[in-house]
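Report on the structure given below.
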Amino acid sequence: MGIKGFTRLLLLGSVLTASTAWSAEIHGRSSTQLLWFNNYFNDQRQIELGEYLRMSVTNLDKAGKASLFGYGRMTQDLNNGEGFNGRLYYLYGEYRGLFDKLDIRLGRQFVNLAAGTAIIDGGQVDLNNAGPIGLTVFGGRNVIFSLDEENGHGGDLALGVAAYLNGFKSTDLEVSWFRKWDDWNIARDTLGASVKQYLFNNLRVYGNTRYDVVSETFSEVLAGAKYYPTSNLVLTGEWYQSYPVFDATSIYSVFAVDRYQEAVFRADYTITEQIAVHGGYTRQWFEGGANGNIYQAGLSVRPVEPLQLNFEYDNNQGYNGKTHGFIADAYYDVTKSLQLSGGIAYDTYQRDVLSDDEIARLYWVGGKYRLAKNMSASLRVENNVNAVYDNDVQGRFVFDYDF
């Protein structure tokens, strides 16, 4: 299904151009990539050639309301025996403004509600110009990807309904319901809500929640606020709680799980156009009274116009182990078309009190060159040195073409 679907995506542009050349506009990006890495499943070196294609075909009708969108990839393993693989992420037709009130999508698409997300082969209808309340309804076959292919049954379905405020400049609000079937059995049944409110021109409060109907528990709750006292200072505070919920049809649904909570405080301050700093603190709460503390601090400096230097330090202490380390990277614009970059990540960690400290390091260099306004090439090579590998060199070369 994935390989055939991606082949259809490759042929879509030329077919539509021939049939509707009087109006159709085709845009997108072709990204050709060569990757080399260590395959952790068989501990063998692997070289892989990939093609990622994203495209849109608009103005299929005189009114400019009909469009097509697609995105997929295909890869060929060159030396490790995994062969050819393809994956179609989305390929759907869209008609906007039917009766000046309805937007309709048909085909493979990513759907996203506060209550849940999925990739479906089906349809979505959005009623968005009929008053202060908008409605979204979608349904279709739930697309499940395994490591190498699509993996699912005939009875894998997804259905969602949402109501949201429409036309309020400072307020976003959505209430939704999402259900998923696994081989005709109910796997997920979730209620969700999302809210965002702007106040006093310098304060944004927001929140999200999901309630799992099957297990009768809130699986996720997020409440936060961002305060902008000045144009160059942002203060953020968040509280988050999660309770792991698995599909009702999964064996993991019978296992005991623990609730997790955290509070996050962060400040981002732009001192000048050349200097910016940020700092943060996270307090973690685990089941049984255990807790953790994470401290972060970062600095971004542009000492001269073409050079950007970034540094970040973090320190994690508590129930989930003891770690501290830093990330440093640099970006240098040699010319308007050429950028060179490099960096290092260094971490010292202790998994538990009975083990010794271990060190993990990552070194990388890279570059990007713009060949033309719509063409660019980039290269990144990195080496991981840790408790498992003395050397783990991997890299990626990318050629992007925009059309």
Under 5 Å between amide H atoms, partner at least 5 residues away or on a different chain: which partners does residue 217 have, H built in plane at 1.01 Å? 212
Loop sites in the stretch 216-291: GluC sites (Glu not before Pro), DSSP, at most 15 other Cβ within 10 Å: 216, 273
Interchain or long-range residues, amide H under 5 Å from residue 248's placed H: 188
If I take every Cα pair under 8 Å that is 6 or more residues apart in the stretch 247-403, average their sequence separation and divide by the length, what percent do I get for the relative contact order? 11 percent
When the chain is treated as a GNM, springs tying every alpha-carbon pair under 10 Å, which of 130, 248, 223 comes out with the largest mean-square fluctuation? 130
I need the calculated FRET efficiency for the pair residue 287 and residue 222, taking r as the beta carbon distance and R₀ as 25 Å, to the nearest 0.05. 0.85
Over all directions, the average projected area of the alpha-carbon convex hull for the stretch 303-403 comes to how many nm²? 8.8 nm²
Relative contact order of the chain, defined on C-alpha pairs under 8 angstrom at six or more residues apart (%): 9 percent
Can you work out the PRE-style zone for residue 232? Point 7 Å along Cα to Cβ, and I want the residues of the stretch 254-276 with backbone N under 12 Å. 269-276
Highest GNM mean-square fluctuation among 329, 61, 314, for the chain with Cα springs under 10 Å, belongs to 61
Students often forget the sequence filter, so: which lysines lie under 28 Å Cα-Cα from residue 65 once same-chain residues fewer than 8 apart are removed? 4, 101, 169
Please give the length that would be gained between residue 336 and residue 117 if that part of the chain were fully extended, namely 0.36 nm times their separation in residues minus their C-alpha to C-alpha distance (nm, one decimal). 74.8 nm
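Need one word for the stretch 133-251: rounded, prolate or oblate. Basis is the Cα gyration tensor (sqrt eigenvalues a ≥ b ≥ c); a/c below 1.5 gives rounded, then a/b vs b/c decides.
Working: a/c = 2.46, a/b = 1.99, b/c = 1.24.
It comes out prolate by the Cα gyration axes.
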At 222 nm, what value in deg cm²/dmol follows for the chain if DSSP H runs of at least 4 each add -39500 (n - 2.57) and the sum is divided by all its residues, to the nearest 500? -1500 deg cm²/dmol
May I ask you to compute the full-extension gain from residue 43 to residue 247, defined as 0.36 nm times their residue separation minus their alpha-carbon distance, rounded to one decimal in nm? 70.3 nm
Just to be sure I understand, if you calculate Rg and Dmax of the Cα atoms in Å for this structure, which of (i) 24.6, 72; (ii) 21.0, 78; (iii) 27.6, 87 do you get? (i)
Please report the orientation-averaged projected area of the stretch 316-359, defined via the convex hull of its C-alpha atoms, in nm². 3.8 nm²
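At a 10 angstrom cut-off on C-beta neighbours, averaged per residue, how do the peptides 92-100, 170-178 rank from highest to lowest?
Details: 92-100: 14.6, 170-178: 17.0.
Going from most to least packed, we get 170-178, 92-100.
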Counted charge near residue 178, where neighbours are those whose Cβ lies closer than 11 Å (Asp, Glu -1; Lys, Arg +1): +2
Where Lys and Arg each count +1 and Asp and Glu each count -1, what net charge lies around residue 105 among other residues with Cβ under 9 Å from its Cβ? -3
So which residue, out of 351, 87, 204, gets the largest mean-square fluctuation from a GNM of the chain using Cα contacts under 10 Å as springs? 351
Given the Cα-Cα distance of residue 299 and residue 319 and 0.36 nm per residue of separation, how much length would full extension add, in nm? 4.4 nm
Rough spin-label spacing in nm, given labels placed 7 Å along Cα→Cβ, for residue 327 and residue 375: 3.3 nm
Treating cross-link reach as a plain straight distance, find the lysines whose alpha-carbon is under 23 Å from the alpha-carbon of residue 336, omitting any fewer than eight places away in the same chain. 368, 373
Quickly rank 296-304, 332-340 as a protection proxy: mean count of other C-beta atoms within 10 Å, highest first. 296-304, 332-340
Filtered hits (lysines, Cα-Cα < 16 Å from residue 226, offset >= 8 within chain) -> 196
Expressed as a whole-number percentage, the relative contact order of the stretch 312-376 with C-alpha contacts under 8 angstrom and at least six residues apart is 27 percent
Whole-number accessible area per residue in Å² for the stretch 65-150, which is evaluated in the context of all protein chains at 1.4 Å: 46 Å²
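Once neighbouring chains are kept in place and the probe is 1.4 Å, which whole percent of the accessible area of the chain is contributed by carbon and sulfur?
Looking at the chain in its full context, I get 58 percent from C and S.
The values are calculated or read from the model by the stated rules, or taken from the named source; none is laboratory data. Quick caveat, the model's predicted, so the values are computed rather than measured. Here the Cβ is made from the backbone with ideal geometry for all residues, glycine too, and neighbour counts use every protein chain on show. Quick note on the areas: whole protein, heavy atoms, side chains included, nothing else; ligands and nucleic acids left out. Shrake-Rupley method; radii C 1.70, N 1.55, O 1.52, S 1.80 Å.
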